[in-house]
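Q: Right, I'll just put the structure down here and ask away after.
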Amino acid sequence: MKKHNFYAGPSILPPYTIENTAKAVIELDGTELSIMEISHRSKEFIAVIEEAHDLFRELLNIPDGYSVLFLGGGASTQFAMVPINLFNKKAAYLNTGSWASKAIKEAKLFGEVDVVASSEDKNFTYIPKGYKIPEDADYFHITTNNTIFGTEIREDIDSPVPLVADMSSDIFSRPIDISKYAIIYGGAQKNLAPAGLTFVIVKNDVLGKVDRPIPTMFNYKTHIDKGSMFNTPPCLPIFAALQTLKWFKNLGGIAEMQKINEKKAQMLYNEIDRNKMFKSTVPDKNDQSYMNVCFVMNDGYENLDKEFLELATAEGIVGIKGHRSVGGFRASLYNALPIESLEVLIEVMQQFEKKHS
Ligand SMILES: *Cc1c(COP(=O)(O)O)cnc(C)c1O
(Lines give C-alpha, C1' and ligand atoms only; values in the text may rest on other atoms or scores of the structure.)
Protein backbone atom coordinates (compact mmCIF):
# COMPACT_ATOMS: atom_id res chain seq x y z
CA MET A 1 0.00 0.00 0.00
CA LYS A 2 2.79 2.38 0.81
CA LYS A 3 5.73 4.04 -0.88
CA HIS A 4 9.26 3.37 0.25
CA ASN A 5 9.68 6.64 2.11
CA PHE A 6 13.22 8.06 2.28
CA TYR A 7 12.24 11.71 2.86
CA ALA A 8 14.60 13.69 5.13
CA GLY A 9 11.83 15.44 7.05
CA PRO A 10 8.97 15.40 7.63
CA SER A 11 9.69 11.75 7.25
CA ILE A 12 8.52 8.20 7.74
CA LEU A 13 6.69 7.31 10.94
CA PRO A 14 5.85 3.84 12.25
CA PRO A 15 2.47 2.47 11.07
CA TYR A 16 1.73 2.08 14.80
CA THR A 17 1.99 5.86 15.22
CA ILE A 18 -0.07 6.67 12.17
CA GLU A 19 -2.83 4.16 12.91
CA ASN A 20 -3.21 5.10 16.57
CA THR A 21 -3.12 8.80 15.79
CA ALA A 22 -5.68 8.39 13.01
CA LYS A 23 -7.95 6.61 15.51
CA ALA A 24 -7.50 9.37 18.08
CA VAL A 25 -8.34 11.99 15.47
CA ILE A 26 -11.73 10.26 15.23
CA GLU A 27 -12.01 9.54 18.93
CA LEU A 28 -9.56 9.74 21.80
CA ASP A 29 -10.15 6.54 23.76
CA GLY A 30 -13.58 6.63 25.41
CA THR A 31 -13.93 10.42 25.39
CA GLU A 32 -16.34 10.69 22.48
CA LEU A 33 -14.14 13.58 21.34
CA SER A 34 -11.32 13.95 18.85
CA ILE A 35 -7.78 14.59 20.12
CA MET A 36 -8.03 17.75 18.01
CA GLU A 37 -11.00 19.18 19.92
CA ILE A 38 -10.21 18.31 23.50
CA SER A 39 -8.88 20.86 26.01
CA HIS A 40 -5.20 20.63 26.77
CA ARG A 41 -6.29 21.06 30.40
CA SER A 42 -8.57 18.01 30.29
CA LYS A 43 -7.55 15.06 32.42
CA GLU A 44 -7.37 12.93 29.27
CA PHE A 45 -4.83 15.16 27.55
CA ILE A 46 -2.86 15.70 30.75
CA ALA A 47 -2.51 11.92 30.95
CA VAL A 48 -1.15 11.92 27.37
CA ILE A 49 1.45 14.63 27.89
CA GLU A 50 2.57 13.20 31.23
CA GLU A 51 3.03 9.76 29.76
CA ALA A 52 4.91 11.25 26.80
CA HIS A 53 7.25 13.21 29.11
CA ASP A 54 7.84 10.12 31.27
CA LEU A 55 8.49 7.75 28.39
CA PHE A 56 10.77 10.29 26.68
CA ARG A 57 12.82 10.42 29.89
CA GLU A 58 12.78 6.67 30.38
CA LEU A 59 13.91 5.80 26.84
CA LEU A 60 16.77 8.32 26.85
CA ASN A 61 17.68 7.56 30.44
CA ILE A 62 17.50 11.25 31.39
CA PRO A 63 18.90 11.86 34.87
CA ASP A 64 17.36 13.97 37.64
CA GLY A 65 18.13 17.65 37.32
CA TYR A 66 17.05 17.77 33.67
CA SER A 67 13.69 18.87 32.29
CA VAL A 68 11.99 17.69 29.10
CA LEU A 69 9.99 20.32 27.24
CA PHE A 70 7.50 19.95 24.40
CA LEU A 71 7.26 23.29 22.60
CA GLY A 72 6.35 24.82 19.25
CA GLY A 73 8.51 26.85 16.91
CA GLY A 74 10.75 24.18 15.44
CA ALA A 75 14.46 23.63 15.94
CA SER A 76 14.99 26.96 14.18
CA THR A 77 13.45 28.83 17.13
CA GLN A 78 15.93 27.05 19.39
CA PHE A 79 18.77 28.62 17.39
CA ALA A 80 17.72 31.87 19.11
CA MET A 81 16.33 30.48 22.34
CA VAL A 82 19.66 28.90 23.29
CA PRO A 83 21.61 32.20 23.24
CA ILE A 84 18.67 34.09 24.77
CA ASN A 85 18.92 31.79 27.79
CA LEU A 86 22.67 31.08 27.96
CA PHE A 87 24.69 33.79 26.20
CA ASN A 88 26.57 36.22 28.44
CA LYS A 89 29.93 37.12 26.93
CA LYS A 90 30.88 34.63 24.30
CA ALA A 91 29.69 31.39 22.76
CA ALA A 92 31.55 28.69 20.82
CA TYR A 93 30.09 26.85 17.82
CA LEU A 94 31.18 24.03 15.53
CA ASN A 95 30.16 24.73 11.95
CA THR A 96 29.25 21.44 10.28
CA GLY A 97 26.55 22.52 7.83
CA SER A 98 23.58 24.68 6.91
CA TRP A 99 21.74 24.17 10.18
CA ALA A 100 24.85 24.87 12.24
CA SER A 101 25.43 28.03 10.16
CA LYS A 102 21.90 29.18 10.88
CA ALA A 103 22.41 28.59 14.60
CA ILE A 104 25.65 30.63 14.44
CA LYS A 105 23.88 33.50 12.70
CA GLU A 106 21.37 33.78 15.55
CA ALA A 107 24.03 33.58 18.27
CA LYS A 108 25.95 36.45 16.63
CA LEU A 109 23.02 38.75 17.44
CA PHE A 110 24.06 38.40 21.09
CA GLY A 111 27.81 39.07 20.85
CA GLU A 112 31.08 37.31 20.19
CA VAL A 113 30.83 33.88 18.60
CA ASP A 114 33.94 31.75 18.34
CA VAL A 115 33.50 29.29 15.46
CA VAL A 116 36.09 26.79 16.71
CA ALA A 117 36.19 24.84 13.45
CA SER A 118 34.30 24.54 10.19
CA SER A 119 34.10 21.98 7.41
CA GLU A 120 32.78 24.53 4.94
CA ASP A 121 36.07 24.37 2.96
CA LYS A 122 34.99 20.95 1.64
CA ASN A 123 31.27 21.61 1.40
CA PHE A 124 30.68 20.12 4.88
CA THR A 125 31.65 16.58 3.84
CA TYR A 126 33.51 15.84 7.08
CA ILE A 127 33.42 16.52 10.82
CA PRO A 128 36.29 18.80 11.93
CA LYS A 129 38.66 17.23 14.47
CA GLY A 130 41.34 18.49 16.83
CA TYR A 131 39.68 21.83 17.56
CA LYS A 132 39.92 23.48 20.95
CA ILE A 133 36.85 24.55 22.89
CA PRO A 134 37.56 27.88 24.64
CA GLU A 135 37.14 27.51 28.39
CA ASP A 136 35.76 31.02 28.73
CA ALA A 137 32.77 30.36 26.44
CA ASP A 138 29.32 30.32 28.00
CA TYR A 139 28.53 27.17 26.02
CA PHE A 140 29.64 25.09 23.04
CA HIS A 141 27.09 24.27 20.32
CA ILE A 142 27.21 21.28 17.98
CA THR A 143 24.87 19.74 15.42
CA THR A 144 25.21 16.00 15.98
CA ASN A 145 23.66 14.93 12.69
CA ASN A 146 23.93 17.08 9.60
CA THR A 147 20.74 16.13 7.82
CA ILE A 148 21.66 17.85 4.56
CA PHE A 149 25.30 16.77 4.22
CA GLY A 150 25.09 13.26 5.72
CA THR A 151 27.73 13.62 8.42
CA GLU A 152 27.27 12.72 12.04
CA ILE A 153 29.01 13.00 15.39
CA ARG A 154 28.07 9.61 16.75
CA GLU A 155 29.80 9.99 20.10
CA ASP A 156 29.00 12.09 23.12
CA ILE A 157 31.97 14.45 23.16
CA ASP A 158 33.57 16.01 26.23
CA SER A 159 33.32 19.75 26.62
CA PRO A 160 34.85 21.96 29.33
CA VAL A 161 31.84 24.29 29.02
CA PRO A 162 28.09 23.49 28.85
CA LEU A 163 27.47 21.45 25.71
CA VAL A 164 24.43 22.27 23.56
CA ALA A 165 23.36 19.95 20.75
CA ASP A 166 20.90 20.17 17.89
CA MET A 167 19.80 16.53 17.61
CA SER A 168 16.85 17.10 15.29
CA SER A 169 17.67 14.20 13.01
CA ASP A 170 19.41 11.65 15.23
CA ILE A 171 17.54 11.81 18.53
CA PHE A 172 16.45 8.29 19.55
CA SER A 173 18.78 6.73 16.97
CA ARG A 174 21.32 5.72 19.63
CA PRO A 175 21.62 5.84 23.43
CA ILE A 176 23.02 9.19 24.60
CA ASP A 177 24.97 10.05 27.74
CA ILE A 178 22.70 12.94 28.66
CA SER A 179 24.93 13.96 31.57
CA LYS A 180 27.48 15.30 29.05
CA TYR A 181 24.99 17.87 27.72
CA ALA A 182 23.44 21.06 29.06
CA ILE A 183 20.77 21.34 26.36
CA ILE A 184 19.62 19.01 23.59
CA TYR A 185 16.91 20.16 21.22
CA GLY A 186 15.32 19.29 17.92
CA GLY A 187 12.30 19.34 15.68
CA ALA A 188 10.29 16.15 16.15
CA GLN A 189 9.49 15.72 12.45
CA LYS A 190 12.58 13.67 11.60
CA ASN A 191 12.46 10.69 13.94
CA LEU A 192 9.52 11.08 16.29
CA ALA A 193 6.31 12.79 15.25
CA PRO A 194 4.59 14.93 12.64
CA ALA A 195 5.81 18.54 12.30
CA GLY A 196 4.76 21.04 14.94
CA LEU A 197 6.55 19.68 17.99
CA THR A 198 9.96 20.74 19.27
CA PHE A 199 11.62 18.82 22.09
CA VAL A 200 14.13 20.39 24.46
CA ILE A 201 16.10 18.61 27.19
CA VAL A 202 17.50 21.19 29.61
CA LYS A 203 19.83 20.80 32.55
CA ASN A 204 18.05 23.00 35.07
CA ASP A 205 21.15 24.47 36.69
CA VAL A 206 22.56 25.99 33.47
CA LEU A 207 19.71 28.49 33.49
CA GLY A 208 19.34 31.77 35.36
CA LYS A 209 22.85 33.01 34.57
CA VAL A 210 22.02 35.84 32.16
CA ASP A 211 21.02 39.33 33.22
CA ARG A 212 18.91 40.31 30.26
CA PRO A 213 15.14 40.27 30.65
CA ILE A 214 13.78 37.29 28.73
CA PRO A 215 10.34 37.44 27.10
CA THR A 216 8.13 34.88 28.81
CA MET A 217 7.67 32.47 25.92
CA PHE A 218 11.42 32.45 25.17
CA ASN A 219 12.41 31.62 28.71
CA TYR A 220 13.02 27.89 29.28
CA LYS A 221 12.12 28.42 32.93
CA THR A 222 8.55 29.37 31.98
CA HIS A 223 8.03 26.01 30.34
CA ILE A 224 9.90 24.02 32.99
CA ASP A 225 7.74 25.52 35.74
CA LYS A 226 4.53 24.68 33.88
CA GLY A 227 5.44 21.21 32.57
CA SER A 228 5.26 22.37 28.91
CA MET A 229 1.75 23.68 29.60
CA PHE A 230 2.34 27.42 30.00
CA ASN A 231 0.39 27.88 26.79
CA THR A 232 -1.38 25.44 24.49
CA PRO A 233 1.14 22.77 23.49
CA PRO A 234 0.99 21.04 20.08
CA CYS A 235 -1.49 18.42 21.30
CA LEU A 236 -1.80 16.24 18.21
CA PRO A 237 1.95 15.91 17.53
CA ILE A 238 2.48 15.15 21.24
CA PHE A 239 -0.08 12.36 21.02
CA ALA A 240 1.68 11.01 17.92
CA ALA A 241 5.09 11.29 19.62
CA LEU A 242 3.77 9.20 22.49
CA GLN A 243 2.81 6.47 20.02
CA THR A 244 6.29 6.49 18.47
CA LEU A 245 7.89 6.34 21.92
CA LYS A 246 5.73 3.32 22.75
CA TRP A 247 6.79 1.73 19.48
CA PHE A 248 10.48 2.27 20.38
CA LYS A 249 9.87 0.70 23.75
CA ASN A 250 8.03 -2.29 22.30
CA LEU A 251 10.96 -2.91 19.95
CA GLY A 252 13.33 -3.10 22.89
CA GLY A 253 14.31 0.53 23.48
CA ILE A 254 16.99 2.77 22.07
CA ALA A 255 19.92 0.35 22.33
CA GLU A 256 17.93 -1.97 20.07
CA MET A 257 17.12 0.90 17.70
CA GLN A 258 20.85 1.62 17.49
CA LYS A 259 21.60 -1.97 16.47
CA ILE A 260 19.01 -1.85 13.71
CA ASN A 261 20.24 1.57 12.56
CA GLU A 262 23.85 0.35 12.38
CA LYS A 263 22.75 -2.62 10.37
CA LYS A 264 20.71 -0.52 7.94
CA ALA A 265 23.50 2.04 7.50
CA GLN A 266 26.11 -0.68 6.89
CA MET A 267 23.89 -2.32 4.27
CA LEU A 268 23.60 0.90 2.28
CA TYR A 269 27.18 2.16 2.68
CA ASN A 270 28.47 -1.30 1.70
CA GLU A 271 26.39 -1.20 -1.45
CA ILE A 272 27.57 2.32 -2.31
CA ASP A 273 31.19 1.15 -1.90
CA ARG A 274 30.64 -2.03 -3.87
CA ASN A 275 28.55 -0.57 -6.69
CA LYS A 276 30.71 1.03 -9.41
CA MET A 277 27.95 3.49 -10.33
CA PHE A 278 27.90 5.35 -7.01
CA LYS A 279 30.16 6.98 -4.45
CA SER A 280 29.62 8.38 -0.98
CA THR A 281 29.97 12.14 -0.52
CA VAL A 282 31.51 11.57 2.94
CA PRO A 283 34.91 9.88 2.56
CA ASP A 284 35.72 9.23 6.25
CA LYS A 285 33.63 6.31 7.50
CA ASN A 286 33.71 7.66 11.04
CA ASP A 287 31.90 10.79 9.88
CA GLN A 288 29.19 9.06 7.83
CA SER A 289 25.68 9.59 9.11
CA TYR A 290 23.60 6.54 9.98
CA MET A 291 20.43 8.58 9.49
CA ASN A 292 20.98 10.45 6.19
CA VAL A 293 23.12 8.65 3.63
CA CYS A 294 24.33 10.98 0.87
CA PHE A 295 25.74 9.59 -2.37
CA VAL A 296 26.33 10.71 -5.94
CA MET A 297 27.00 9.13 -9.32
CA ASN A 298 30.58 7.87 -9.51
CA ASP A 299 33.18 9.37 -11.83
CA GLY A 300 32.40 8.42 -15.39
CA TYR A 301 28.69 8.10 -14.71
CA GLU A 302 27.84 11.74 -14.11
CA ASN A 303 24.60 12.89 -15.70
CA LEU A 304 22.84 9.61 -14.96
CA ASP A 305 21.09 11.07 -11.90
CA LYS A 306 17.81 11.53 -13.67
CA GLU A 307 17.76 8.02 -15.05
CA PHE A 308 18.44 6.47 -11.64
CA LEU A 309 15.80 8.63 -10.02
CA GLU A 310 13.25 7.50 -12.60
CA LEU A 311 14.08 3.85 -12.03
CA ALA A 312 13.77 4.28 -8.26
CA THR A 313 10.51 6.18 -8.60
CA ALA A 314 9.07 3.38 -10.72
CA GLU A 315 9.80 0.97 -7.84
CA GLY A 316 7.82 3.10 -5.37
CA ILE A 317 10.81 4.88 -3.83
CA VAL A 318 10.26 8.51 -2.78
CA GLY A 319 12.41 11.18 -1.21
CA ILE A 320 15.91 10.17 -2.36
CA LYS A 321 16.75 13.28 -4.38
CA GLY A 322 19.72 14.94 -2.67
CA HIS A 323 19.48 18.41 -1.19
CA ARG A 324 20.27 21.07 -3.79
CA SER A 325 23.48 22.05 -1.98
CA VAL A 326 24.89 18.50 -2.34
CA GLY A 327 23.16 17.07 -5.41
CA GLY A 328 22.92 13.35 -6.12
CA PHE A 329 20.93 11.31 -3.65
CA ARG A 330 20.08 11.20 0.01
CA ALA A 331 18.45 8.20 1.60
CA SER A 332 17.15 8.90 5.09
CA LEU A 333 17.17 5.75 7.21
CA TYR A 334 15.21 6.92 10.24
CA ASN A 335 14.08 4.47 12.93
CA ALA A 336 10.73 3.83 11.24
CA LEU A 337 12.22 2.93 7.84
CA PRO A 338 11.74 -0.83 7.40
CA ILE A 339 14.66 -2.93 6.17
CA GLU A 340 12.40 -4.07 3.30
CA SER A 341 12.35 -0.52 1.89
CA LEU A 342 16.12 -0.37 2.08
CA GLU A 343 16.36 -3.73 0.31
CA VAL A 344 14.26 -2.34 -2.53
CA LEU A 345 16.60 0.65 -2.86
CA ILE A 346 19.69 -1.60 -2.89
CA GLU A 347 18.07 -3.84 -5.47
CA VAL A 348 17.37 -0.84 -7.71
CA MET A 349 21.01 0.24 -7.37
CA GLN A 350 22.12 -3.22 -8.45
CA GLN A 351 19.70 -3.29 -11.38
CA PHE A 352 21.06 0.06 -12.46
CA GLU A 353 24.63 -1.23 -12.34
CA LYS A 354 23.70 -4.26 -14.46
CA LYS A 355 21.95 -2.04 -16.95
CA HIS A 356 25.13 -0.03 -17.45
CA SER A 357 27.68 -2.87 -17.50
C1 LIG B 1 15.38 19.93 10.06
C2 LIG B 1 16.46 20.45 10.91
C3 LIG B 1 16.39 21.71 11.52
C4 LIG B 1 15.22 22.65 11.29
O5 LIG B 1 14.12 22.21 11.97
P6 LIG B 1 12.76 23.05 11.99
O7 LIG B 1 11.96 22.29 13.00
O8 LIG B 1 12.21 23.02 10.61
O9 LIG B 1 13.06 24.43 12.43
C10 LIG B 1 17.41 22.11 12.33
N11 LIG B 1 18.48 21.33 12.54
C12 LIG B 1 18.61 20.11 11.97
C13 LIG B 1 19.81 19.28 12.24
C14 LIG B 1 17.60 19.65 11.13
O15 LIG B 1 17.70 18.43 10.57
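Q: Name the one entry in Asp166, Asp138, Asp158, Asp170 that is charged (D, E, K, R), closer than 24 Å to Asp64 by Cα and over 21 Å from the mean Cα position of the chain (by Cα).
A: Working: Asp166 fails: over 21 Å from the mean Cα position of the chain (by Cα); Asp158 fails: over 21 Å from the mean Cα position of the chain (by Cα); Asp170 fails: over 21 Å from the mean Cα position of the chain (by Cα).
When all the criteria are applied, what remains is Asp138.
Q: Now, a different point. Can you spot a residue in segment 50-62 that is within 17 Å of Ile224 (Cα to Cα), polar (S, T, N, Q) and either modelled with pLDDT of 95 or more or in contact with a Pro (Cβ under 7 Å, 6 or more places away or on another chain) (or both)?
A: There is no residue in segment 50-62 that is within 17 Å of Ile224 (Cα to Cα), polar (S, T, N, Q) and either modelled with pLDDT of 95 or more or in contact with a Pro (Cβ under 7 Å, 6 or more places away or on another chain) (or both).
Q: Could you list all residues from segment 154-168 that are in contact (Cβ under 8 Å) with a residue 40 or more places away in the chain and over 12 Å from Ile184 (Cβ atoms)?
A: Step one: filter segment 154-168 for residues in contact (Cβ under 8 Å) with a residue 40 or more places away in the chain, giving 154, 161-162, 164, 166, 168.
Result: Arg154, Val161.
Q: Separate question: Which condition number does Gly9 fail, the rest of (1) open to solvent by 30 Å² or more (accessible area, probe 1.4 Å); (2) touching a Lys or Arg at 6+ places or on another chain (Cβ under 6 Å); (3) more than 16 Å from the ligand (Cβ to nearest atom) being met?
A: Status for Gly9: all satisfied but (3).
Q: Among residues belonging to segment 332-347 that are touching a strand residue (DSSP E or B) at 6+ places or on another chain (Cβ under 7 Å) and part of a helix (DSSP H, G or I), point out the one that is surrounded by the fewest Cβ atoms within 10 Å (Cβ to Cβ).
A: Here the residue is Val344.
Q: Just checking, does segment 123-144 include any residue being within 11 Å of the ligand (Cβ to nearest atom), out of contact with any Asp or Glu (no Cβ under 7 Å at 6 or more places or on another chain) and part of a strand (DSSP E or B)?
A: Step one: list which residues in segment 123-144 are within 11 Å of the ligand (Cβ to nearest atom), which gives 142-144.
Still in the list and also out of contact with any Asp or Glu (no Cβ under 7 Å at 6 or more places or on another chain): 142.
Next cut, part of a strand (DSSP E or B) only: 142.
Checking segment 123-144: at least one residue is within 11 Å of the ligand (Cβ to nearest atom), out of contact with any Asp or Glu (no Cβ under 7 Å at 6 or more places or on another chain) and part of a strand (DSSP E or B).
Q: I've got another one for you. Quick check on Gly9: is it in contact (Cβ under 8 Å) with a residue 60 or more places away in the chain and either over 23 Å from the mean Cα position of the chain (by Cα) or outside any helix (DSSP H, G or I) (or both)?
A: On the way: in contact (Cβ under 8 Å) with a residue 60 or more places away in the chain: yes; either over 23 Å from the mean Cα position of the chain (by Cα) or outside any helix (DSSP H, G or I) (or both): yes.
Answer is yes for this residue.
Q: In addition: Which condition number does Leu197 fail, the rest of (1) open to solvent by 10 Å² or more (accessible area, probe 1.4 Å); (2) in contact (Cβ under 8 Å) with a residue 60 or more places away in the chain being met?
A: (1)
Q: I would also like to ask the following. Please count how many residues of segment 157-176 are more than 16 Å from the ligand (Cβ to nearest atom) and either open to solvent by less than 30 Å² (accessible area, probe 1.4 Å) or polar (S, T, N, Q) (or both). Walk me through how you get there before you give the answer.
A: Step one: filter segment 157-176 for residues more than 16 Å from the ligand (Cβ to nearest atom), giving 157-162, 175.
Imposing the further condition that a residue be either open to solvent by less than 30 Å² (accessible area, probe 1.4 Å) or polar (S, T, N, Q) (or both) reduces the set to 159, 161.
Total satisfying the criteria: 2.
Q: So Gln78 fits all but one of (1) open to solvent by 10 Å² or more (accessible area, probe 1.4 Å); (2) assigned to a helix (DSSP H, G or I); what number is the exception?
A: In the conditions (1) open to solvent by 10 Å² or more (accessible area, probe 1.4 Å); (2) assigned to a helix (DSSP H, G or I), Gln78 misses (1) alone.
Q: Let me ask you something else. Can you pull out the residues in segment 81-106 that are within 13 Å of the ligand (Cβ to nearest atom), open to solvent by less than 10 Å² (accessible area, probe 1.4 Å), out of contact with any helix residue (DSSP H, G or I) (no Cβ under 7 Å at 6 or more places or on another chain) and of a type in the set (Gly, Ala, Ser)?
A: Answer for segment 81-106, where residues must be within 13 Å of the ligand (Cβ to nearest atom), open to solvent by less than 10 Å² (accessible area, probe 1.4 Å), out of contact with any helix residue (DSSP H, G or I) (no Cβ under 7 Å at 6 or more places or on another chain) and of a type in the set (Gly, Ala, Ser): Gly97, Ala100.
Q: Looking at this structure, is Val318 surrounded by 17 or more Cβ atoms within 10 Å (Cβ to Cβ) and within 30 Å of Ser101 (Cβ to Cβ)?
A: On the way: surrounded by 17 or more Cβ atoms within 10 Å (Cβ to Cβ): no; within 30 Å of Ser101 (Cβ to Cβ): yes.
No, not satisfied.
Q: Sticking with this one: Just to be sure I understand, how many residues within segment 203-237 are touching a Lys or Arg at 6+ places or on another chain (Cβ under 9 Å), open to solvent by less than 70 Å² (accessible area, probe 1.4 Å) and outside any helix (DSSP H, G or I)?
A: Qualifying residue count, segment 203-237: 3.
Q: Of all residues in segment 56-76, which are under 12 Å from Tyr220 (Cα atoms) and within 11 Å of the ligand (Cβ to nearest atom)?
A: The answer is Leu71, and nothing else.
Q: Now for a separate question. Considering only segment 288-315, state which residues are crowded, with 23+ Cβ neighbours inside 10 Å and among the β-branched types (Val, Ile, Thr).
A: Selection gives Val293 alone.
Q: Could you list, in sequence order, all residues of segment 23-75 that are of a type outside the set (A, V, I, L, M), open to solvent by 70 Å² or more (accessible area, probe 1.4 Å) and not in a loop (DSSP other than H, G, I, E, B)?
A: Of everything in segment 23-75, those that are of a type outside the set (A, V, I, L, M), open to solvent by 70 Å² or more (accessible area, probe 1.4 Å) and not in a loop (DSSP other than H, G, I, E, B) turn out to be Lys23, Glu37, Lys43, Glu50, Glu51, Asp54, Glu58.
Q: Let me ask something else. From the list Phe218, Phe248, Phe239, exactly one residue is under 19 Å from Phe79 (Cα atoms) and touching a helix residue (DSSP H, G or I) at 6+ places or on another chain (Cβ under 9 Å). Which is it?
A: On the way: Phe248 fails: under 19 Å from Phe79 (Cα atoms); Phe239 fails: under 19 Å from Phe79 (Cα atoms).
Unique residue meeting the criteria: Phe218.
Q: A further question on this structure: One residue is enough: does segment 91-114 have a residue meeting the conditions without any contact (Cβ under 8 Å) to a residue 60 or more places away in the chain, closer than 30 Å to Val293 by Cβ and in a loop (DSSP other than H, G, I, E, B)? Reasoning before the result, please.
A: Going through segment 91-114, the residues without any contact (Cβ under 8 Å) to a residue 60 or more places away in the chain turn out to be 91, 93-97, 101-102, 104-114.
With the extra rule that they be closer than 30 Å to Val293 by Cβ, the set shrinks to 93-97, 101-102, 104-107.
Keeping just the survivors that are in a loop (DSSP other than H, G, I, E, B) gives 96-97.
Within segment 91-114, one or more residues are without any contact (Cβ under 8 Å) to a residue 60 or more places away in the chain, closer than 30 Å to Val293 by Cβ and in a loop (DSSP other than H, G, I, E, B).
The values are calculated or read from the model by the stated rules, or taken from the named source; none is laboratory data. None of these values were measured; they are calculated from a predicted model. Don't worry about glycine lacking a Cβ; one is built from the backbone with ideal geometry, like all the others, and counts go over all protein chains shown. Side chains are part of the model used for accessible areas, which takes the heavy atoms of the whole protein and leaves out ligands, DNA and RNA. Shrake-Rupley method; radii C 1.70, N 1.55, O 1.52, S 1.80 Å.
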